[in-house]
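First the structure, in the form of C-alpha cells, and then the observations on it.
What follows draws every value from the coordinates through simple rules; no lab data is involved. All values reported here derive from a predicted model rather than from experimental measurement. A quick note on method: Cβ atoms are made from the backbone with ideal geometry, for glycine too, and the neighbour counts reach across all protein chains shown.
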Amino acid sequence: MNIKGEKVVLRAIETGDLNFLRDLHNDPEIANLIGGWSFPISMADQEEWYKKTRIDEHTKRFIIELIDSHEAIGYTGLWDIDWKDRRAYTGIILKRDYWGKGYGRDSVMTLMHYAFYELGLMRLDSDIIEYNNSSLKLYLERCGWKKEGIRRRHIFRNGRFFDRILIGILREEYEEMLKR
C-alpha cells in the first residue's frame, strides 16, 4: 500500500533505492542539518542497514516520490513506534532541489494523516537543530507542530555545540489545524 498525498507518495523502500539513500546520507549539506548522521557510509553499510531495518515492527521507513514522475525525492518514516502509548518519532529529508516547493509540507501532512488515522497513533515527536530554520518553519508554522523543549548543546557541528529543539504534535492539534 502506498500513502498518497497531494504532490507526493510515501512508499516502502526497495533495494533499488539504496543508492539514492546512500547519496542522501553522504550529502554534507543534508548531514549538517540533521542530528544523527556523522560518518560517510559505503554501499555495503547501506545494504546491511537495509537488511536489519526491513523487518522492524517499531520502525516504518518510506521513500518520498513525486506522484506524476515517480522520482524519489526524499525519505521519511516513523521510528521508535510505541504501539501501547500510540506515539512515534518522525523526520523528513528531501533532496536539495526540492526544498521550499511544498513537497516537505505535503510529505509531513501525508505522514501525519497516515500515523493518526491509519495507525491510530495519538502523538508524533521530532527534533530540529536550532539553526535549521527551514525545518522549524515547516513544522511549527506550516504543519501545526508545537515547540516542547530544548536539549541544550546536544549537537556538535563545525567545531561547536548547538541546541536541539524538541517538537511534537497531538492528533487533536492536527485535526484542529485541518479545520482552519
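Got a sec? Which residues in the range 133-154 would a label at ASP27 touch, if it sits 7 Å along Cα→Cβ and we count backbone N under 17 Å?
Under cut-off, by backbone N: 133-136, 138.
Show me, for the range 53-59, the HN-Hα J-couplings you get by feeding each phi into the Karplus relation (A = 6.51, B = -1.76, C = 1.60, θ = phi - 60°), rounded to Hz, glycine and proline as x.
9, 4, 10, 7, 6, 9, 9
Note the full-extension length gain between ASP45 and LEU178 as 0.36 nm times their separation in residues minus their Cα-Cα distance, in nm to one decimal.
Here the segment from ASP45 to LEU178 would lengthen by 43.8 nm.
Excluding residues on the same chain fewer than 8 positions from LYS101, give the aspartates and glutamates whose Cα lies under 19 Å from its Cα.
GLU6, GLU29, GLU65, ASP68, GLU71, GLU141
Which FRET efficiency value, to the nearest 0.05, do you get for HIS113 and PHE161 by plugging their Cβ-Cβ distance into 1/(1 + (r/R0)^6) with R0 = 25 Å?
Efficiency, rounded to the nearest 0.05: 0.10.
Mean 1/r over all different Cα pairs, inverted: what Kirkwood radius does the range 3-179 give, in Å?
Kirkwood radius, the range 3-179: 16.8 Å.
Enumerate the residues in the range 60-74 having an amide nitrogen under 20 Å from the point lying 7 Å beyond the Cα of ASN19 toward its Cβ.
63-66, 69-74
Cut-off 10 angstrom, C-alpha nodes, Gaussian network model of the chain. Which of GLY149, GLY91, GLY77 fluctuates the most?
GLY149
Which entries in LYS4/LYS60; LYS84/LYS147; LYS146/LYS179; LYS7/LYS95; LYS51/LYS95; LYS84/LYS179 show an alpha-carbon gap greater than 22 Å?
LYS84/LYS147; LYS51/LYS95; LYS84/LYS179
Test of understanding: in a Gaussian network model of the chain with alpha carbons linked when under 10 Å, which of ASP127, ASP27, ASP97 would top the mean-square fluctuation ranking?
ASP97
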